[in-house]
1. Are any of the residues in segment 349-366 farther than 30 Å from residue 312 by Cα, touching a helix residue (DSSP H, G or I) at 6+ places or on another chain (Cβ under 6 Å) and of a type in the set (D, E, K, R)?
2. Which is crowded, with 20+ Cβ neighbours inside 10 Å, assigned to a helix (DSSP H, G or I), over 17 Å from the mean Cα position of the chain (by Cα) and not acidic (Asp, Glu), of 177, 129?
3. Take the residues of segment 148-166 that are at pLDDT 85 or above and over 20 Å from residue 43 (Cβ atoms): which is surrounded by the most Cβ atoms within 10 Å (Cβ to Cβ)?
4. Any idea which of 271, 289 is part of a loop (DSSP other than H, G, I, E, B), surrounded by fewer than 23 Cβ atoms within 10 Å (Cβ to Cβ) and of a type outside the set (Asp, Glu)?
5. Can you tell me which of (1) surrounded by 19 or more Cβ atoms within 10 Å (Cβ to Cβ); (2) among the aliphatic types (A, V, I, L, M); (3) under 15 Å from residue 329 (Cα atoms) is the one residue 254 doesn't meet?
6. Residues that are surrounded by fewer than 20 Cβ atoms within 10 Å (Cβ to Cβ) and among the hydroxyl-bearing types (Ser, Thr, Tyr): list the helices (runs of 4 or more DSSP H) wholly contained in segment 321-377 that include at least 2 such residues.
7. Which one of the conditions (1) farther than 25 Å from residue 296 by Cα; (2) assigned to a helix (DSSP H, G or I) does residue 211 fail to meet, given that it meets all the rest?
Amino acid sequence: MTINTSLETKPNSIFNAAVIVAALGYFVDIYDLLLFGIVRTDSLKDLGVVGDAIRNQGEYLISMQMGGMLFGGILWGILGDKKGRISVLFGSILIYSIANIANGMVTTVDGYAFWRLIAGIGLAGELGAGITLVTESLPKEKRGYGTMIVASIGVSGAIAAFLVYQIFQDWRLCYYAGGILGVLLLFMRIKISESGIFQKVAESNEKKGDFLSLFSNKNRFFKYLQCILIGIPIWFLVGVLITFSPEFAKALNVEGADTISAGQAIAWCYSGLVFGDIASGLLSQWFKSRKKIMYLFLVLNLAMVFIFLNSFGISVQAFYFICLAMGFSVGYWVLFITIAAEQFGTNIRATVTTTVPNFVRGLLPLIILTYTFFRDDLLNGDILKAGMVVGCLLSAIAILALWKLKETFHTDLDFIEQKN
């Protein structure tokens with residue numbers, strides 16, 4: 001079914017209010033998401049956690065955060081289709097801001113875990129709602145530029161998190177700063193309005209935000225699953241290789257491996273990701289294809305995993321440069337979310353676009369479990385071989401999933417999903 005929405009309802013400028021606010025919302029999202037990884041050790045020590053318990057409690061906190069993002073992804077996605085993209089942008093940042101300030105006030109690990117759960121719920125709505133609004137607000141010829149801006153500004157939040165921590169050297173102040181950024185962003189969002197495409201559907205009698213409809217039709221379900229699977233190599237690289245970069249540096253006999261910091265590795269990786277998102281966005285526009293550029297970056301990602309895991313005896317500087325290059329190779333994060341947004345109708349678009357990235361993030365525990373299975377049970381503790389095996393496996397799955405998806409560059413988004 002087609003909705004008659006004229007292009008006059010779509011602003012021609014790629015620097016319109018929707019794009020800017022979505023980009024800043026994603027900036028704050030990434031700031032908090034990566035801030036926890038940067039301050040995790042120091043914050044737990046400050047709460048009285050010592051020794052191996054730091055790793056165990058850190059895994060507990062990450063699990064709580066990811067659980068919140070999984071739940072929040074479904075919640076905000078449904079609300080985005082039922083109540084509007086703007087309501088999600090307001091609600092999610094409000095919850096995130098409160099949780100971030102509360103994170104700076106915690107005195108126990110359980111309290112920390114609770115507010116990481118709430119923060120995860122708040123964070124889950126930002127990117128999906130923002131990308132949905134941007135793709136529906138711009139002409140199809142400019143959608144890629146809009147999402148590229150959202151991505152490039154957004155992922156720089158990780159760099160900001162690292163720099164803020166270097167300046168303040170106090171994990172509580174870093175959380176307060178994130179909360180204040182969120183509150184300021186709320187005032188900016190007053191000036192943005194819903195897309196014309198969504199308003200047309202909102203006025204119709206069509207059922208909106210039906211999450212279960214993604215599972216009631218076989219073709220729709222497999223399309224949804226494929227959208228999730230093309231993103232999993234990103235979180236293996238970031239969640240395993242970069243997060244545990246100090247351990248990999250030691251296994252590779254990097255000169256000065258003891259000085260390798262996970263926080264710096266994350267900052268270098270996300271610096272590369274900024275340029276990767278810009279490159280993937282521009283290339284998809286120039287070649288007028290999402291799939292071709294996705295294939296390119298998936299192959300590049302696998303190549304960088306291979307280079308990283310075979311960089312024996314290099315210097316610390318070279319190690320961090322490889323982290324930068326690895327970040328560039330996964331600079332298709334928002335491109336893959338754009339593909340998901342373009343695959344589905346307006347009545348469930350926000351549901352899909354919000355749940356897909358959060359399900360990818362939520363698969364991290366399963367990815368880690370797969371990695372540890374190969375490492376401990378099949379490869380006698382060899383973390384380098386295990387990383388290579390899992391990297392190849394996930395890349396193969398992503399390429400196969402992408403092969404089955406249709407090209408969406410020229411797709412008009414004024415359609416809805418049928419009930420059956």
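The values are calculated or read from the model by the stated rules, or taken from the named source; none is laboratory data. Computed from a predicted structure; not experimentally measured. Here the Cβ positions follow ideal geometry from the backbone for every residue, glycine too, while neighbour counts run over all protein chains shown.
1. Looking through segment 349-366, at least one residue is farther than 30 Å from residue 312 by Cα, touching a helix residue (DSSP H, G or I) at 6+ places or on another chain (Cβ under 6 Å) and of a type in the set (D, E, K, R).
2. Criteria check complete, one pass: 177.
3. Filtering first and then ranking leaves 150.
4. Of 271, 289, the one residue that is part of a loop (DSSP other than H, G, I, E, B), surrounded by fewer than 23 Cβ atoms within 10 Å (Cβ to Cβ) and of a type outside the set (Asp, Glu) is 289.
5. Every condition holds for residue 254 apart from (3).
6. Filter on segment 321-377 gives 364-372.
7. (2)
Here is a yes/no grid of residues against (1) out of contact with any helix residue (DSSP H, G or I) (no Cβ under 9 Å at 6 or more places or on another chain); (2) in a helix (DSSP H, G or I); (3) free of Cβ contacts under 8 Å to residues at least 60 places away in the same chain; (4) closer than 30 Å to residue 48 by Cα:
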| residue | (1), (2), (3), (4) |
| --- | --- |
| 86 | no, yes, no, no |
| 121 | no, yes, yes, yes |
| 139 | no, no, no, no |
| 150 | no, yes, no, no |
